[in-house]
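Structure, as structure tokens:
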Amino acid sequence: MSNFENIIVEHEGKVATVTINRPQSLNALNAQTISELSTALDELNTDGNCRVVILTGSGEKSFVAGADIKEFSDFNSEKAEELARNGQNSLFNKIENMSKPVIAAVNGFALGGGLELAMSCHIRYASENAKLGLPEVTLGLIPGYGGTQRLPKLVGKGLANELIFSAKMISAGRAREIGLVNEVFSLEELLPKTMELAVQISKNSPLGISRAIKAVNLSGSSEGFETEIKAFGELFELDDKKEGVAAFLEKRKPEF
């Protein structure tokens, strides 16, 4: 792995944990952190020893408290548009379209860009002290890292509008109720439970999972069903399907 200043990458078996490590700023996303995350994810996506990625924040207070506002407070329209486009393409869309599952372990505040980062992940677990929200309209802005697009898909248009327009923070429990996070645990249990899920996922077919990610991402679009059909057919020619079916018929656990 590359050397990083603002993130920590740790490996445990087939699971890599990426920790955003800027506790002095509640792990706010600045340009360097986005760049480092992008680089790390590129490397993990091609790492044959990594099957699942966990993304979390350092400390007990914050997953990511938002973007680093100081960096763009004096931008003009052109630079602001470039900021949003580059961020989406280099990190947020990259996470959503990775061939390996990325699980967000949301420990504490996930606000603005932090919530957008969590929403770009494939699965979200949260700690009981987590607070989630998109406060951009209090700054005269809107979410710029995909928040207006991903939130409606997760919770529905009405709730998405309520959260974006009001800029209110919601609790982890409320986030669980509306489907914004999958599960809620105590802070102490969050990472062990996330790792438990990651290990379970890592035992399954990586070829199957990579195609499932692509198909799920296209759900609701005109391409979704056809993508599923083609991926289903393609997998019949690949080694993971052969191993999986052989293991089933031989009444043993598959080894992917």
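The values are calculated or read from the model by the stated rules, or taken from the named source; none is laboratory data. This one's a predicted model, so the numbers in the text were calculated from it and none came from an experiment. Please note: Cβ atoms are built from the backbone with ideal geometry, for glycine as well, and neighbour counts cover all protein chains shown. Remember, those area values only see protein heavy atoms, side chains included, never the ligands or the DNA or RNA. Shrake-Rupley method; radii C 1.70, N 1.55, O 1.52, S 1.80 Å.
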(message) Checking residue 199 against (1) β-branched (Val, Ile, Thr); (2) farther than 21 Å from residue 50 by Cα; (3) part of a helix (DSSP H, G or I); (4) open to solvent by 40 Å² or more (accessible area, probe 1.4 Å): exactly one of these is not met. Which one?
(response) (2)
(message) Out of the residues in the stretch 61-86 meeting the condition of being part of a loop (DSSP other than H, G, I, E, B) and touching a strand residue (DSSP E or B) at 6+ places or on another chain (Cβ under 8 Å), tell me which one is farthest from residue 108 (Cα to Cα).
(response) 68
(request) State yes or no: is residue 188 at pLDDT 95 or above, assigned to a helix (DSSP H, G or I) and open to solvent by 30 Å² or more (accessible area, probe 1.4 Å)? (result) yes
(message) Criterion first (out of contact with any His (no Cβ under 7 Å at 6 or more places or on another chain), part of a strand (DSSP E or B) and open to solvent by less than 10 Å² (accessible area, probe 1.4 Å)) does residue 132 satisfy it?
(response) yes
(message) Checking residue 127 against (1) more than 12 Å from the chain's Cα centre (by Cα); (2) of a type outside the set (A, V, I, L, M, F, W, C); (3) open to solvent by 70 Å² or more (accessible area, probe 1.4 Å); (4) closer than 30 Å to residue 206 by Cβ, only one condition comes out false. Which one?
(response) (3)
(request) Can you give me the number of residues within the stretch 45-62 that are open to solvent by less than 10 Å² (accessible area, probe 1.4 Å) and over 14 Å from the mean Cα position of the chain (by Cα)? (result) 2
(request) Sort out which residues of the stretch 87-98 are in contact (Cβ under 8 Å) with a residue 12 or more places away in the chain and either part of a helix (DSSP H, G or I) or open to solvent by less than 80 Å² (accessible area, probe 1.4 Å) (or both), and write them in order of number. (result) 87, 88, 90, 91, 92, 93, 94, 95, 96, 98
